[in-house]
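Working notes, structure below.
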Amino acid sequence: MTETQFTPRVFSGIQPSGNLHLGNYLGALKRFVDMQGPEYETVYCMVDLHAITVWQDPDRLREKTREVCAGFIAAGLDPEKSILFNQSQVPEHTQLAWIFNCIARIGWMQRMTQFKDKAGKNTQNASLGLFAYPALMAADILVYHATHVPVGEDQKQHLELTRDIAIKFNHDYGIDFFPVTEPVIGGPAPRVMNLRDGSRKMSSSDPSDMTRINMTDDADAIAKKIRKAKTDPDALPSEVEGLESRPEARNLVNIYAALNDQTAGQVLSEVGGKQFGEFKPMLAELAVEKLSPISSEMARLMGEEAEIDQILARGAERARAIAAPILQQTYEIVGMVGAGKS
Ligand code: TRP
């Protein structure tokens, strides 16, 4: 099977639940924005239908969908260059997801670790949507014939399932129709950890706001959280190996590196030997310089609801122009009688 027939197209999705924080910015938004350019067509989606696989308050879901949209634009996404929209407004995602529900096997779904984590002990009481979640995710990607999907390490298993669905569909119908998508994992983006406990991921669900930097934090809040971040009493090492078993030190160095588009090694070659008393103010200054323009632009956009809704509507229209013909061809391949040609 060749993959060369497909135009290079990037797709990724982000759930509009929880507050956007530095981990979302460095691990998702900034990466997605950096992929904008002549090399790929870039399609990014707020996956509101994925969000409701667990309960979401409707007003909060609306607010978060607009907040993620504002975050994307404040982070530098150009809504002319990229396609930005919310999932529910392009019905082809759910239409293709149904077909994929009939391709994917129950056994494949039962192996998904995210389902097990999210469903908790009482899997019988989880929503059917939470179980079927990865088939919708495969549809998100394949309804655009996307070839590259930037995601975090935690989504690797879902991307493998996406590949399995594409392969089984192509095999069952004897056609080379869906691309076998490449995951784009890791790269320069670090895993951003909790500021008070370097062994846990930064998360919007931690009860303490001091554990994370929110994309909506102003300069004072950013500086204060960095000043109060947990560290250890030693000076910074000059090489990355010296960060082993120093999770808090490693996290702050990684954050500095990512914000400054450097590697951790480059940062350490400059700051090795410094104490945190000296390094933290450097990091605070850099973080404020890079993040506070984003938070003020987000705040401005959040006050312009009509502007956001218009960007999303236009994005959905452009997304449908790609997705509708691919769904139509899928229906024809599967044997649905309708408006198609055959
Ligand atoms: N499951 C992803 C997450 O929780 C979000 C997502 C949904 C996604 N559909 C996608 C990511 C398609 C990449 C491609 O982070």
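Taking the residues in segment 19-39 that are touching a residue at least 24 places away in the same chain (Cβ under 8 Å) and open to solvent by 50 Å² or more (accessible area, probe 1.4 Å) as candidates, determine which candidate is farthest from residue 297 (Cα to Cα).
So, considering only residues that are touching a residue at least 24 places away in the same chain (Cβ under 8 Å) and open to solvent by 50 Å² or more (accessible area, probe 1.4 Å), the one farthest from residue 297 (Cα to Cα) is 39.
Name, by its number, the condition in (1) open to solvent by 20 Å² or more (accessible area, probe 1.4 Å); (2) modelled with pLDDT of 95 or more; (3) away from the ligand (no atom under 16 Å from the Cβ) that does not hold for residue 70.
Result: residue 70 passes all but (1).
What are the residues in segment 194-233 that are in a loop (DSSP other than H, G, I, E, B) and among the hydroxyl-bearing types (Ser, Thr, Tyr), if any?
Keep residues of segment 194-233 that are in a loop (DSSP other than H, G, I, E, B), which gives 195-196, 202-208, 212-213, 215-218, 228-233.
Within segment 194-233, 203, 204, 205, 208, 216, 231 meet the criteria.
Taking into account only those residues within segment 131-145 that are among the small types (Gly, Ala, Ser) and surrounded by 22 or more Cβ atoms within 10 Å (Cβ to Cβ), which is farthest from the ligand (Cβ to nearest atom)? Walk me through it before giving the result.
Here is the first cut: in segment 131-145, the residues among the small types (Gly, Ala, Ser) are 132, 135, 138-139.
Now narrow it down to the ones that are surrounded by 22 or more Cβ atoms within 10 Å (Cβ to Cβ): 135, 138-139.
On the way: 135: 11, 138: 8, 139: 9 Å.
Filtering first and then ranking leaves 135.
Residues in segment 276-291: is at least one more than 20 Å from residue 28 (Cβ to Cβ), part of a loop (DSSP other than H, G, I, E, B) and not assigned by TED's automatic domain parsing to the domain that holds residue 14?
no
So which of 115, 100 ends up being open to solvent by less than 10 Å² (accessible area, probe 1.4 Å), assigned to a helix (DSSP H, G or I) and either farther than 16 Å from residue 11 by Cα or not assigned by TED's automatic domain parsing to the domain that holds residue 157 (or both)?
Working: 115 fails: open to solvent by less than 10 Å² (accessible area, probe 1.4 Å).
Only one candidate qualifies: 100.
Would you point out which residue out of 56, 5 is within 15 Å of the ligand (Cβ to nearest atom), outside any helix (DSSP H, G or I) and open to solvent by 10 Å² or more (accessible area, probe 1.4 Å)?
Values: 5 fails: within 15 Å of the ligand (Cβ to nearest atom).
After applying the criteria, what remains is 56.
Listed here are the residues, each with its yes/no results for (1) surrounded by 15 or more Cβ atoms within 10 Å (Cβ to Cβ); (2) small (Gly, Ala, Ser); (3) within 27 Å of the chain's Cα centre (by Cα).
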site: 202; (1), (2), (3): yes, no, yes
site: 205; (1), (2), (3): no, yes, yes
site: 215; (1), (2), (3): yes, no, yes
site: 221; (1), (2), (3): yes, yes, yes
site: 234; (1), (2), (3): no, no, no
site: 254; (1), (2), (3): yes, no, yes
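Would you be able to say whether some residue in segment 224-243 is in contact with a helix residue (DSSP H, G or I) (Cβ under 8 Å, 6 or more places away or on another chain), touching a residue at least 60 places away in the same chain (Cβ under 8 Å) and more than 30 Å from residue 330 (Cβ to Cβ)?
yes
If you take the residues in segment 75-97 that are acidic (Asp, Glu) and surrounded by fewer than 21 Cβ atoms within 10 Å (Cβ to Cβ), which one is nearest to the ligand (Cβ to nearest atom)?
The first filter runs over segment 75-97 and keeps only residues acidic (Asp, Glu), leaving 78, 80, 92.
Those still in the list that are surrounded by fewer than 21 Cβ atoms within 10 Å (Cβ to Cβ) too: 78, 80.
Numbers: 78: 20, 80: 22 Å.
Going through the qualifying residues, I end up with 78.
Determine whether residue 301 is in a helix (DSSP H, G or I), of a type outside the set (Asp, Glu) and in contact with a Gly (Cβ under 8 Å, 6 or more places away or on another chain).
The answer is no for residue 301.
Based on this model, can you work out whether residue 14 counts as away from the ligand (no atom under 16 Å from the Cβ), crowded, with 17+ Cβ neighbours inside 10 Å and at pLDDT 95 or above?
Taking the combined requirement at face value, the residue does not satisfy it.
The values are calculated or read from the model by the stated rules, or taken from the named source; none is laboratory data. Since we're looking at a predicted model, the values are computed, not measured. So basically every Cβ, Gly included, is an ideal-geometry build from the backbone, and we count neighbours across all protein chains shown. Note: accessible area is taken over every heavy atom of the protein model, side chains too, but ligands, DNA and RNA are not part of it. Shrake-Rupley method; radii C 1.70, N 1.55, O 1.52, S 1.80 Å.
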